[in-house]
Every structure is written in C-alpha cells, then in structure tokens.
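The values are calculated or read from the model by the stated rules, or taken from the named source; none is laboratory data. Note that this is a predicted model, so its numbers are computed, not measured. Methodologically, a virtual Cβ is constructed for each residue, glycine included, from the backbone with ideal geometry; neighbour enumeration extends over all protein chains shown.
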Amino acid sequence: MTAVSASPKGGALSIRNVAKIYDPDGAGVVALDDISFDVGAGEFCVIVGPSGCGKTTLLNAVAGFDTVTSGEILLDGALLSSPARRPAPGADRIVVFQNGSLFPWKTVLWNVICGPVQQGRMTRANAIRHARDLLGRVGLAGIEDQYPGELSGGMKRRVEIVRALINEPRILLLDEPFRALDALTKSVVQEYLLELYDLVPKTVFFITHDVEEAVFLADKVIVMTTRPGRVLKIIDVDIARPRSVHVLTSDRFLQIENDVRTAIHGEAQKAFEAGEREFA
Amino acid sequence: MTTIIRSAPSRARPSSTPVARTILWIRKRWKLEWILAAVSLSSLALLWEFAAPLGIPGVENLPPPSAVIRESAKLLHSELYWTAWGLSLRRIAYGFLAAQLVGVPLGLGLAMNRVALDTIFPVVEILRPIPPVAWIPVAIIFWPTRELSVVFIVFLGAFWIVLINTIGGAATIDPNYRRAAESLGSNRRDLFWRIILPATIPSIVIGMAVGMGLAWEMLVAAEMVAGNTGLGYLLWQGFEVNAISQCIVCMMSIGIAGLLSSQLVRLLGRFAAPWQRP
Amino acid sequence: MIQPIAPARGSLDAALPSGVPWWMRARRVLRSRRLYLAILGVGTFFLRWYMLVDVLRFWRFRELPGFVASIREWVSPNPVYGISLFTSDYYLHIWSSLYRVYSAFALATLLGITIGILMGWRRVFYGLTFPILELFRPIPVLAWIPLAIILLPGRELPIIGLTFLAAFFVTILNTLLGVRSIDPVYFRAARSLGFSELGILVHVILPGALPYIFVGLQIAMGACWFSLVASEIASGQAGLGYEVWQAYYYVQFETMVIIMATLGFLGYVSSALVRLVAHRLMRWRSSVIASV
C-alpha cells in the first residue's frame, strides 16, 4: 500500500460507468461495457485481461485519443472525458506506447528533453540536466548522443519511460510496454520502473496480459473480461514496497497470482475460442 | 473526493429502417473532399476560360476551353485522329511487351545468379542514366525502319524500370520463404517457379505500371522527333501549324490513353497476384 | 505519367555501416570479387561494341559509330567535328545543360516538398490540390512542349519549365507518400508530449517523410535529365540535347556518342549527389537508401 501526499493534483482517476461502442450506427461493436473503478493518487494500478478486452480502448479514453460512448472519466474530481467531451492528449496523462515511439531521427537526449522543452516548461539546459540524471538512474548514462536505432529493446523502453517521467505527469499510462521484450530483459526493466516509481510515486495506469508482471508491479490489479470488456474482479496487492525479484517466489505473491490467474483463465479461453486479436 | 455520479444518457440509436440508413449513408459520403474538388476544378476551368480577357500575360496564343471543345468535336470525327490512336497504341504494345519479355527473365536470372548480377549490373548502371531520348538518333541510324526505331525507344523507356524492379523484388524476398521451401524438400526448379516467381510478381507489377507511364512518355518524344504518324506526331504537327487546340486535344488524348493502359496493367497485376492488396 | 515507386535494391554503392574509415572501405572493395566482375562486365560490353561495329561490321552495326573512332575523337586536342575534352564548346554545352537541370531541380524540390507536406498535413489543402494534380499527371511531360513554348517567354524558360514539371509531380507525390507513411504512433507521442502544431511539422512530419522524399528526389533527378534532353532537342540553342541532335543531323556520329556518354555520366553523378546528401541528412538510418 502506498501512501502519497494528498496533493490536489495527485492524479486520482475515477472511471464511472464507461462504455465504448464502435460504429454505433452500424455494426455496433461493444468494446467496453459499464466499467467502473477508482485509482487513488499515486497508486499503481494494473489492468490485466485477455486479447480484445478493451484495455487499450480504456487507456486511449484516458489519454485523449478516443471518446467514450457513455459514462464519465474524472481526474482529480474534475471531468476529464465524457460523450460530449474528449480531452486533448497532453503531458499530464502521458503515454508509453506498446511498440515504441521514440523518434528514430533524433538522438536519445533530444527524445527525452523534447517534452518539457516543446511545452516551454523547462529551459534546455535544465532539461538536459534532468534527463542525464534520470537516464543515469535507469542505467543508461552516456548514451545520450546515440540514435534509437542503435539501442536494444530494453534500452529503448527505459528511454521511453524516462521521456515520459521527465514531464512530471499526473498519470503515467503504459500500454503493454514490455510485451516485446524477452523475459530476462523484462524483469530488469520492471525493476527499474519500480525504482523510479518508489522515488517519486505517481499514479500509474498499466496494461498487460502477463499475470505475473501485473501482480509484481501493482498495488491494485483489475481483471477484465473478454469482449465486451467488463470488470471481473479487483484484487489488492498488499505486498510491501520496495519489491525485488525475490518477491516473485514469496507465498503471498503466489497466492495473489493464483487468485488472478483463476479469475482470468476462463476469460482467456473464451477469447481464444472467439479468435480475438489485439488490434494494437 | 466525492463526486456526483451522473452517467450520461446513452446515445439514442437511430431507427434502422432502409430509408434512414440511406440518408445517413449520403450524409456520410457527401464529404468535404468532393466539394473541394468541385471548387478547385471549376476555378481552374474558369481561370483558363477567362485568362486572355483578364490580361494574364503569356496566354494570348492559348485557346480557351470553348475553342478546345469545338476542336475536339471536329477531331473526334476525323479518321486521321483514330488512325493515330491505333498506331500509337500498337507501338506502345510492342515496345512495352518487348520490355517485359526481355526485362523480366533477365531480371530474374540476374537475381538468381550472383556472378551474373555483379558482371552485368554495372553495365546497366552505365547505360541507364542516358536518357532514352538521347538514344533516338542511334535508334534511327541502327534500325532499318522508323517504326522500329520508335518502338525501340518505347522499349528502352520501360525496360530499365522493369529490370530494376524485378531484380529488386526478387532480391528482397524474405529468406525464410526460401528456407521453408527447402526444408519442405523443394528442388531448385520448384523453388524458382513456386516461391521466387510468385513473390516477385508484386514488384514486377509495380515495374509494369511505372514502365507503362514511361512508355507513353517515350512514345510522345519518339513520335514528335522521328515519327510521321501517331498521337505524338499529331501533337507536334498541331504546334507547327499553330493549331493549338489540336495540341491540347492530343495532350488530353494521350493522357487518357496512358491512364487507361496503366489501369489495365494494374488490373492484370491484381489478377496475377490476388493475395496482394492493391 | 510519373508515379512513385518503392526503393529497389541498389548498385555498387552498397550499404556499408557508417563509421568505417574510407581506406578500410576502399580496401574491402578492392579485395572483393565484385569489383573485378564489374570490370569484366563493362569491359565485355565495350569489347562487344568494338567487335560488332569496328571489326565485324555485322548487319546494321556497320552504320553505328565506331568505338575506337569515338574514343579517339573524344580525347583529341583537335577533333574533326569540334567536340572533345579539349574544346570549349563541349564545356559550354555541359554548362548550359547543367544550369538548366539544377535550377529546375532546385525549384521543383522547394515547391514540390512544400506542397507535398502541406497536402499531407492539411486535409483542406489536399482536397483542393489533389484533383488538379490527378488531372495533369497522366499527361506526359513532353506533351507539354508546345504549350510550354507558347506560354513561357524566351528560349530558356520553356526548357527549364519542362524540366521543372517533370521533377515537380514526382516530388509532390513522393513527399505525400512520405508524410502518409509516418507511423501514426509518432503523432500520438508528439501530441502526448505537448508539441505544438508547428513542432509536429518540424520535428515529426519533415524528418519522418525524408526517406521517401529522397527516393522521390532521385527519381526526379532522372526525370529532369530526361525531359531536359527532349526539350533541348525541340527548342534549344545550346546544351547536350541540342548537340546530340545536331550531331545526328550533320552526320557527326562520333560526337553523338561522346554526348550520350557525357549525358550518362552527368546523370549518374547527379543521382549520386542526391544519394550523398540523403546519407548525410539521414544518419540515423542504419541502412543506406538504395539507389533507383
């Protein structure tokens, strides 16, 4: 359980009866059906579910890339998204994308500092200092002048996380960010993410289909059903922070993981039979 | 922080009767693009029509659309015009087909055999930059008839691009396809006919489509310079006798002919490679 | 009718990783089999020319200018027909053509890229310009020769205008394709990071479209040379195209061959220059753009 300062702009998220229907006047594909849950300020929330359950749709609604058909999303008590209102994408709800979106034609350093510099929030020199500091924390000191094409997958993901965090967002949104990494790199990067999180806890909205990853990272795991996506179960993870890889074999961890797996397995089978694919 | 939970009413679904759906379809399709297209094309036509009276410099000798339309009506009835069509089309057909028949096998052969590629490709790279138009005098000298020289220039135009695209297509086949075939026990001939050739077809088709466009370019040049019949020649002749409307009509005819032939090639391509999205 | 094509695999200037020193690259080329096969191929070509035309005088080949004669003419200080490496006329023609090609190319690049990016960026602009483009694109560039002569004053402008036109369409199309080819995730990332519209234009659209733009520029360069020669034949007073035709007309076939070879060489060098600039500007690409 993380306790965070009760700042008014802490990034508390409320999802209220959100539904999303694609092509309402035509095929009427129901992606999300009456989703409701809360994420406290500074809480690490992980959404886990089978392919096609609408996790990315929900993330897009929060980030501002898509609308909701009904229901509301509130951020720190203020209305963020509703059928009548689509928020503009912004650095306060910054996204780390699944397949990587570092600008390949700019150096790592430019990629990291571009957010604050473009928004005019930091001077270039200041931003560079911050960038170097953050990059150092994730073990990437000295690569600032390389291009993303020269980096490995794990390095790129870390740079993207740093690029997101330097903007001091209210919510950090991550869309299956470690999906493309091999298992060993994945655990290393996960540890770095947790380290950064422990340093400055932010509200995190993390999507994955990997149950172990979900329980390892989260304060709260939200299990979703396959399409149409509904909240199946909300499970609190009460393992203390900071967490290391040793947690993965602890009794409590395995208990919770079992909980989640049992909940999700039936949905996974249904999704498989329905031939669901990720439309990432 | 407590908030008042208000869920917005879900959007009322419109009735799904056929009439309602048709109206919706029209409203969706009546896109901005069509309006914009109409605006720009009509302003262009108006500008052209009234360019001379408006005093825009340089257009004194340019006939307005009304004159062109009249001229086209006249031309469309003349036998000369349609003969020219036939002759030009025939030259295109010969030149283009020759380019395919020489270019595709050569390209595939070069792609299959590394030694041949390294030997012959440099020669290609030397000859290719020479504009086919510069070959016209050589073609006239070399070939016994004018007709053959014109067809040769058309051939040259399409040939280079077909060759390059074929080699490129064959050379960039995913090596996993090859490996899969070999591990399934195919011999070299099978490999070629069943793997390499089909995988190269999309590139060949692109080469054909672009080559067709270039073929028409070359035809115009060759007919203007060295021909005495055909649409390109008619175009140049119109200029020489100051019948500019004839020029314009010929320009548009050639454009339409080129468009139609390109579309034909694309259609053939879709037929030959149905697994490829157009 | 000019359409963009995807880059095809390249020629002798194959992909080599950047950062390898030049002398190492040169040594690698010298050691490779490819260089010698290339020499073999080119040598065979010239040998065949020599055999067919000079020696065997087979069929129509006897009409063609001889290989030896052409070379001799080219390097003689006092050529029979007035054009060789040592005459000033030769360089006059080269300069005329170069000047026309490069000014037309520069103009077409500037205008073409601007319009292409605007078309990719703003739907309204696209809706207005695309129909006009599609209307004019099927017409072969050379079919414009009469109109160009009528509409544009003087002798230089029609030639430059036609050369410009050839490059213009190709550049617009490939720029548009380039803008469209940018993975939408980059736009989302930029928006998420709080970029302004201008920022997106400068830092996402322009660099993202650059690869396709350069493929288009290579094609455009070839198109420039092609239409230059044709329009010079039609209406020039100096320049390589004009001279080729003159040489033919006055039965100076050796000169003709010299000019053709010069054209080929200049065309190749021009394309190579574009590729060089591309390589410099896009160092982030781990593979060199294939030549077209």
Legend entry - Flag if A:Glu144 is more than 10 Å from every other protein chain (Cβ to nearest Cβ), surrounded by fewer than 18 Cβ atoms within 10 Å (Cβ to Cβ) and part of a loop (DSSP other than H, G, I, E, B): no
Legend entry - Number of the condition not met by A:Phe65 [criteria: (1) in contact with an Asp or Glu (Cβ under 9 Å, 6 or more places away or on another chain); (2) more than 22 Å from A:Leu134 (Cβ to Cβ); (3) within 14 Å of chain C (Cβ to nearest Cβ); (4) outside any helix (DSSP H, G or I)]: (1)
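Can you tell me which residue within the stretch C:233-245, out of those that are in contact with a helix residue (DSSP H, G or I) (Cβ under 8 Å, 6 or more places away or on another chain) and more than 9 Å from chain B (Cβ to nearest Cβ), is surrounded by the most Cβ atoms within 10 Å (Cβ to Cβ)? Explain how you work it out, then say what you get.
So the first thing to find is which residues in the stretch C:233-245 are in contact with a helix residue (DSSP H, G or I) (Cβ under 8 Å, 6 or more places away or on another chain), and the list is C:233-236, C:238-245.
With more than 9 Å from chain B (Cβ to nearest Cβ) added as a condition, the list becomes C:235-236, C:238-239, C:242-243.
Values: C:Ser235: 18, C:Gly236: 24, C:Ala238: 19, C:Gly239: 26, C:Tyr242: 22, C:Glu243: 29.
Taking the candidates together, the pick is C:Glu243.
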Inset, instruction - Would you confirm whether any residue within the stretch A:165-182 is assigned to a helix (DSSP H, G or I), at negative phi and under 15 Å from the mean Cα position of the chain (by Cα)? - result: yes
Inset, instruction - Read through the list (1) among the aliphatic types (A, V, I, L, M); (2) closer than 18 Å to A:Thr57 by Cβ; (3) more than 8 Å from chain C (Cβ to nearest Cβ), then give the number of the only condition that A:Val95 fails. - result: (3)
Inset, instruction - Go through (1) surrounded by fewer than 21 Cβ atoms within 10 Å (Cβ to Cβ); (2) within 13 Å of chain B (Cβ to nearest Cβ) one by one and return the number of the condition C:Val80 breaks. - result: (2)
Legend entry - Test: residue in the stretch A:229-240 that is free of Cβ contacts under 8 Å to residues at least 60 places away in the same chain, buried (at least 20 other Cβ atoms within 10 Å of the Cβ) and in a loop (DSSP other than H, G, I, E, B): yes
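Here is a yes/no grid of residues against (1) within 26 Å of B:Ala134 (Cβ to Cβ); (2) without any contact (Cβ under 8 Å) to a residue 60 or more places away in the chain:
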{"residue": "C:Phe195", "(1), (2)": "no, yes"}
{"residue": "C:Gly199", "(1), (2)": "no, yes"}
{"residue": "C:Tyr212", "(1), (2)": "no, no"}
{"residue": "C:Phe226", "(1), (2)": "yes, no"}
{"residue": "C:Gly264", "(1), (2)": "yes, yes"}
{"residue": "C:Val269", "(1), (2)": "yes, yes"}
{"residue": "C:Leu276", "(1), (2)": "yes, yes"}
{"residue": "C:Leu281", "(1), (2)": "no, no"}
Inset, instruction - Return yes or no: is C:Gly194 at positive phi, out of contact with any strand residue (DSSP E or B) (no Cβ under 7 Å at 6 or more places or on another chain) and either more than 9 Å from every other protein chain (Cβ to nearest Cβ) or among the β-branched types (Val, Ile, Thr) (or both)? - result: no
Inset, instruction - Answer yes if at least one residue in the stretch B:172-194 is among the β-branched types (Val, Ile, Thr), part of a loop (DSSP other than H, G, I, E, B), surrounded by fewer than 21 Cβ atoms within 10 Å (Cβ to Cβ) and within 10 Å of chain C (Cβ to nearest Cβ), and no otherwise. - result: yes
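Got at least one residue in the stretch C:183-190 being surrounded by 19 or more Cβ atoms within 10 Å (Cβ to Cβ) and farther than 30 Å from A:Ser101 by Cα? Full working, then the answer.
From the stretch C:183-190, those surrounded by 19 or more Cβ atoms within 10 Å (Cβ to Cβ) are C:186, C:189-190; that's our starting set.
Those still in the list that are farther than 30 Å from A:Ser101 by Cα too: none.
Among the residues of the stretch C:183-190, not one is surrounded by 19 or more Cβ atoms within 10 Å (Cβ to Cβ) and farther than 30 Å from A:Ser101 by Cα, which makes the answer no.
Quick check on this structure: which one of B:Ile161, B:Ile196, B:Ile204 is under 18 Å from B:Gly258 (Cβ atoms) and out of contact with any strand residue (DSSP E or B) (no Cβ under 7 Å at 6 or more places or on another chain)?
Details: B:Ile196 fails: under 18 Å from B:Gly258 (Cβ atoms); B:Ile204 fails: under 18 Å from B:Gly258 (Cβ atoms).
Just a single option satisfies the conditions, and that option is B:Ile161.
Among the listed residues B:Ile130, B:Ile120, B:Ile92, identify the single one that is surrounded by 17 or more Cβ atoms within 10 Å (Cβ to Cβ) and not in a helix (DSSP H, G or I). Talk me through it step by step, then tell me what you get.
Working: B:Ile120 fails: not in a helix (DSSP H, G or I); B:Ile92 fails: not in a helix (DSSP H, G or I).
It is B:Ile130.
Residues are listed down the side, and each one gets a yes or a no for (1) under 30 Å from C:Thr255 (Cα atoms); (2) in the same structural domain as C:Ser196 (by TED's automatic domain parsing); (3) surrounded by fewer than 24 Cβ atoms within 10 Å (Cβ to Cβ):
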{"position": "C:Leu98", "(1), (2), (3)": "yes, yes, yes"}
{"position": "C:Leu111", "(1), (2), (3)": "no, yes, yes"}
{"position": "C:Gly116", "(1), (2), (3)": "no, yes, no"}
{"position": "C:Met119", "(1), (2), (3)": "no, yes, yes"}
{"position": "C:Arg122", "(1), (2), (3)": "no, yes, yes"}
{"position": "C:Val141", "(1), (2), (3)": "yes, yes, no"}
Inset, instruction - Please give the number of the condition B:Val162 fails out of (1) at pLDDT below 80; (2) surrounded by 22 or more Cβ atoms within 10 Å (Cβ to Cβ). - result: (1)
Inset, instruction - Considering each of C:Thr262, C:Thr255 in turn, give the residue that is modelled with pLDDT under 85 and closer than 16 Å to C:Leu85 by Cα. - result: C:Thr255
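With the structure loaded, tell me whether C:Val204 is assigned by TED's automatic domain parsing to the domain that holds C:Leu177, surrounded by fewer than 19 Cβ atoms within 10 Å (Cβ to Cβ), without any contact (Cβ under 8 Å) to a residue 40 or more places away in the chain and not charged (D, E, K, R) or whether it fails that test.
On the way: assigned by TED's automatic domain parsing to the domain that holds C:Leu177: yes; surrounded by fewer than 19 Cβ atoms within 10 Å (Cβ to Cβ): no; without any contact (Cβ under 8 Å) to a residue 40 or more places away in the chain: yes; not charged (D, E, K, R): yes.
Spelling it out, it is not the case that C:Val204 is assigned by TED's automatic domain parsing to the domain that holds C:Leu177, surrounded by fewer than 19 Cβ atoms within 10 Å (Cβ to Cβ), without any contact (Cβ under 8 Å) to a residue 40 or more places away in the chain and not charged (D, E, K, R).
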Inset, instruction - May I ask you to verify whether B:Leu62 is over 27 Å from the mean Cα position of the chain (by Cα), facing chain C (nearest Cβ under 10 Å), surrounded by 15 or more Cβ atoms within 10 Å (Cβ to Cβ) and modelled with pLDDT under 85? - result: yes
Inset, instruction - Select from the stretch A:59-115 the residues that are more than 17 Å from A:Arg170 (Cβ to Cβ), in contact with a helix residue (DSSP H, G or I) (Cβ under 6 Å, 6 or more places away or on another chain) and of a type in the set (S, T, N, Q) and write down the one among them that is modelled with the lowest pLDDT. - result: A:Ser101
Legend entry - Residues within the stretch C:151-182 that are touching a residue at least 60 places away in the same chain (Cβ under 8 Å), surrounded by fewer than 18 Cβ atoms within 10 Å (Cβ to Cβ) and closer than 21 Å to C:Phe136 by Cβ, tallied: 1
